[in-house]
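Enquirer: Right, I'll just put the structure down here and ask away after.
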Amino acid sequence: MNSTPKHILVIRLSAMGDVAMLVPVLQVLKKTYPNVKITILTRRFLKPIFDKELTGIDIHFHEVDTKGKHKGINGIFKLSKELKKLNIDAVADTHNVLRSKMLKTFLFGIKKATIDKGRKEKKALINHTNFKQLKTTHERYADVFRSLGFKIDLSTHQFPTKPKLPNLDFIQHIAETGKKWIGIAPFAQYKGKMYPLFMMEKVIVELAKTKQLFLFGGGQKETEQLQKISNKYENVINVAGKLSLKEELQLIAHLDAMIAMDSGNAHFAAMFDVKTITLWGVTHPFAGFAPFKQTSHCILPDMNKYPKIPCSIYGNKICTGYEEVMYSIAVSEVIEMTE
């Protein structure tokens with residue numbers, strides 16, 4: 001009789017949103033199999049995503065340093081020696097990239113399962129030869145664990161108790177006003193996935209009349225842009241660059257809604273069952289990257305005017321003439337979705 005593994009190494013080295021999408025899957029796995037030990041292998045700055053206070057479950061963490069001690073083949077071999085000491089008996093590769101493939105080679109003799117990214121179906125989606133909803137990334141992750149013998153059903157998922165608010169004076173003061181809290185994360189990795197900032201500012205102006213807004217972003221340039229906007233309006237606070245990742249997640253958990261692009265912040269909000277309104281440009285939810293249980297809150301551009309969407313799976317390619325695709329999403333539509 002085959003028994004399920006006792007200690008799984010879960011590999012997902014990047015990116016932030018894809019790592020966050022693992023959380024609901026691991027929650028179901030742990031609730032269904034409470035005795036299984038889970039060790040996540042990813043980058044240090046992503047560790048707060050798996051904090052027990054946020055996830056409600058115990059997840060062990062092992063850092064990968066791809067620019068330092070784990071760089072190159074020798075570094076991956078060194079990493080494999082570290083991991084063998086943890087007595088793992090299964091590897092769930094939810095990334096399936098060159099580094100994870102090399103690592104699995106060094107971890108010989110251990111049961112392994114690897115994600116099927118569905119490249120053929122995604123290519124057909126882009127070519128519009130098979131334009132339909134593909135398997136979600138969450139289900140693709142779940143399939144990896146099913147291949148290891150775990151029978152998990154994502155429909156049984158239960159969201160954890162919300163974590164406490166970060167202990168910051170400005171947040172405690174705002175909590176007393178009784179206004180609805182709306183998060184806005186206006187940036188995306190690629191231009192083709194980002195709502196024009198001047199249009200998002202119109203959304204901010206209108207919502208700030210009756211609600212408390214928090215602006216999220218990362219990097220110096222984004223932080224400066226958000227600060228300029230927040231300086232102009234009451235009831236708008238820029239939290240970019242001011243909070244740790246854990247504090248951001250604690251705050252996001254208490255929002256009434258999050259407005260985001262096809263980006264990491266959308267998946268952070270979905271971790272806590274926050275109403276997550278996503279604005280889509282040259283990508284499309286059919287590719288499987290919509291936030292967990294939030295498909296009804298996806299706002300798409302004018303598909304009649306822009307029938308070639310998705311131009312790409314990740315937004316790194318824009319179809320000719322589709323540079324202003326996001327302009328077809330009305331400001332009023334975004335505002336109405338927050339109600």
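Enquirer: Mind checking whether some residue in the range 177-198 is among the small types (Gly, Ala, Ser) and under 30 Å from LYS31 (Cβ atoms)?
Expert: yes
Enquirer: Looking only at the range 210-231, which residues are small (Gly, Ala, Ser) and either more than 19 Å from LYS191 (Cβ to Cβ) or touching a helix residue (DSSP H, G or I) at 6+ places or on another chain (Cβ under 7 Å) (or both)?
Expert: Passing the criteria: GLY217, SER230.
Enquirer: Report yes if some residue within the range 298-312 is of a type in the set (D, E, K, R), touching a helix residue (DSSP H, G or I) at 6+ places or on another chain (Cβ under 8 Å) and surrounded by fewer than 20 Cβ atoms within 10 Å (Cβ to Cβ); otherwise report no.
Expert: yes
Enquirer: From LYS164, LYS135, LYS202, LYS179, which residue is in the same structural domain as PHE272 (by TED's automatic domain parsing), surrounded by fewer than 17 Cβ atoms within 10 Å (Cβ to Cβ) and either of a type in the set (Gly, Ala, Ser) or part of a loop (DSSP other than H, G, I, E, B) (or both)?
Expert: LYS179
Enquirer: Strands (runs of 3 or more DSSP E) wholly in the range 216-335 with at least 3 residues that are within 23 Å of PHE159 (Cβ to Cβ) and either without any contact (Cβ under 8 Å) to a residue 40 or more places away in the chain or of a type in the set (Lys, Arg) (or both) - which ones?
Expert: The strands (runs of 3 or more DSSP E) meeting that bar are 275-279.
Enquirer: Turning to a different aspect of this structure: What is the residue count in the range 86-116 for residues that are over 24 Å from THR4 (Cβ atoms) and part of a loop (DSSP other than H, G, I, E, B)?
Expert: Number satisfying all stated conditions: 1.
Enquirer: For residues in the range 313-330 being surrounded by 17 or more Cβ atoms within 10 Å (Cβ to Cβ) and hydrophobic (A, V, I, L, M, F, W, C), which is nearest to the chain's Cα centre (by Cα)?
Expert: Among them, the one singled out is ILE313.
The values are calculated or read from the model by the stated rules, or taken from the named source; none is laboratory data. A quick note: this is a predicted structure, and the numbers were derived from the prediction, not measured. Here the Cβ is made from the backbone with ideal geometry for all residues, glycine too, and neighbour counts use every protein chain on show.
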